[in-house]
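The values are calculated or read from the model by the stated rules, or taken from the named source; none is laboratory data. Note that the coordinates shown come from a computational prediction; the quantities given were computed from them, not determined experimentally. Here Cβ is always computed from backbone atoms with ideal geometry, including for glycine, and neighbour counts include all displayed protein chains. Please note that ligands, DNA and RNA were not included when accessible areas were found on the heavy atoms of the full protein model with its side chains. Shrake-Rupley method; radii C 1.70, N 1.55, O 1.52, S 1.80 Å.
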Amino acid sequence: GAGWLETLEAQGLVKLVQGGILPNVSLSAYVEVGSTRIFGVKYLGSSTLAALPVIAEEIAKINSENGRMYTILMMHFGMEGKTMHEVAGEIPEGAVSVLKGVVDYLALGHYHMNYEVGGWIFNPGSAEMVSLDEYGLPKGFYHVRDGVAKLVTVPARPVRRINIDLSGMTTLESIYKGVSEIKNE
C-alpha cells in the first residue's frame with residue numbers, strides 16, 4: 001500500500017520529489033515554483049557523505065543546462081555537533097560545504113532540534129517535543145520569502161514532569177490512581 005506521503009501526493013497536497021542519488025545515478029527529479037528550483041533527496045543513511053559531491057555536480061549540471069534559479073535542496077541527515085549527545089553517522093560541516101554555491105538553501109531534517117549554519121543550512125527540528133532533552137527549545141518551521149528564512153515558532157503542548165512514590169502500589173490501577181491524583185492537583 002501507499003505510505004502517508006504518497007497518499008498526500010495523490011490528494012494533490014504535496015509534490016514528492018524523487019530521484020535516485022547514489023554514485024553514478026542521476027538527480028533528475030525537481031520541482032520549479034516561480035523562480036525557485038527545489039530538489040529532494042531521500043534518506044541515504046551511511047551513503048550520505050559519499051553522495052554529497054555527486055549531488056553538487058548533478059545540481060550544478062541541471063542549473064547550467066536549464067538556467068540558474070534560487071535552489072533549494074531538501075535532505076535527511078544530521079550535522080556533526082548539533083545535538084546534545086554525540087551521534088554516529090553525523091555529517092561534518094566541511095563535507096556539506098561542497099553544496100555551497102550550487103545550493104542557496106539546504107533544508108535539513110533528522111534532528112528534532114532547531115539549528116542554522118552559515119545562513120544557508122536550516123534544520124527546523126520537529127514541531128513537537130519528542131524527548132525531555134528538548135524541553136524549552138523552540139519548535140516550528142521556516143518560512144522563506146525572497147531568500148530570507150525566518151523560524152516561525154509554534155506553541156508546544158504542555159509538558160509536566162511528575163514524581164510519584166510507587167512504594168506500596170502493587171497494581172497498575174493503583175499507579176493510574178496515584179498519577180491521576182497528582183495530575184488533578
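Any residue in the stretch 33-44 that is on the phi < 0 side of the Ramachandran plot sitting within a Cβ distance under 8 Å of a residue that is small (Gly, Ala, Ser) and buried (at least 17 other Cβ atoms within 10 Å of the Cβ)? List the pairs, counting only those 6 or more apart or interchain.
Short answer, once both residue conditions are applied: VAL41/ALA51; LEU44/ALA51.
Take MET69 and decide whether it is farther than 23 Å from TYR43 by Cα, in contact with an Asp or Glu (Cβ under 8 Å, 6 or more places away or on another chain) and at pLDDT 85 or above.
Criteria met by MET69.
Six or more apart or on different chains, Cβ atoms under 7 Å: show the pairs whose first residue is in the stretch 101-130 and in contact (Cβ under 8 Å) with a residue 12 or more places away in the chain and whose second is acidic (Asp, Glu) and surrounded by 20 or more Cβ atoms within 10 Å (Cβ to Cβ).
The qualifying pairs are HIS112/GLU134; MET113/GLU134.
Is at least one residue of the stretch 170-183 touching a helix residue (DSSP H, G or I) at 6+ places or on another chain (Cβ under 9 Å), open to solvent by 50 Å² or more (accessible area, probe 1.4 Å) and either charged (D, E, K, R) or under 27 Å from ASN63 (Cα atoms) (or both)?
The answer is no, given that none of the residues of the stretch 170-183 is touching a helix residue (DSSP H, G or I) at 6+ places or on another chain (Cβ under 9 Å), open to solvent by 50 Å² or more (accessible area, probe 1.4 Å) and either charged (D, E, K, R) or under 27 Å from ASN63 (Cα atoms) (or both).
Give just the number: which of (1) out of contact with any Pro (no Cβ under 7 Å at 6 or more places or on another chain); (2) surrounded by fewer than 16 Cβ atoms within 10 Å (Cβ to Cβ) does ALA50 not satisfy?
(1)
Name every residue in the stretch 110-162 that is in a loop (DSSP other than H, G, I, E, B), open to solvent by 70 Å² or more (accessible area, probe 1.4 Å) and in contact with a strand residue (DSSP E or B) (Cβ under 8 Å, 6 or more places away or on another chain), in order of residue number.
Correct list: HIS110 only.
Take THR83 and tell me if it is at pLDDT 90 or above and not in a helix (DSSP H, G or I).
The answer is no for THR83.
Out of all the residues in the stretch 86-100, which are among the β-branched types (Val, Ile, Thr) and modelled with pLDDT of 85 or more?
Correct list: ILE91, VAL96, VAL98.
In the stretch 53-104, which residues are under 16 Å from the mean Cα position of the chain (by Cα), within 20 Å of LEU16 (Cα to Cα) and either open to solvent by 60 Å² or more (accessible area, probe 1.4 Å) or among the small types (Gly, Ala, Ser) (or both)?
Answer for the stretch 53-104, where residues must be under 16 Å from the mean Cα position of the chain (by Cα), within 20 Å of LEU16 (Cα to Cα) and either open to solvent by 60 Å² or more (accessible area, probe 1.4 Å) or among the small types (Gly, Ala, Ser) (or both): MET74, HIS76.
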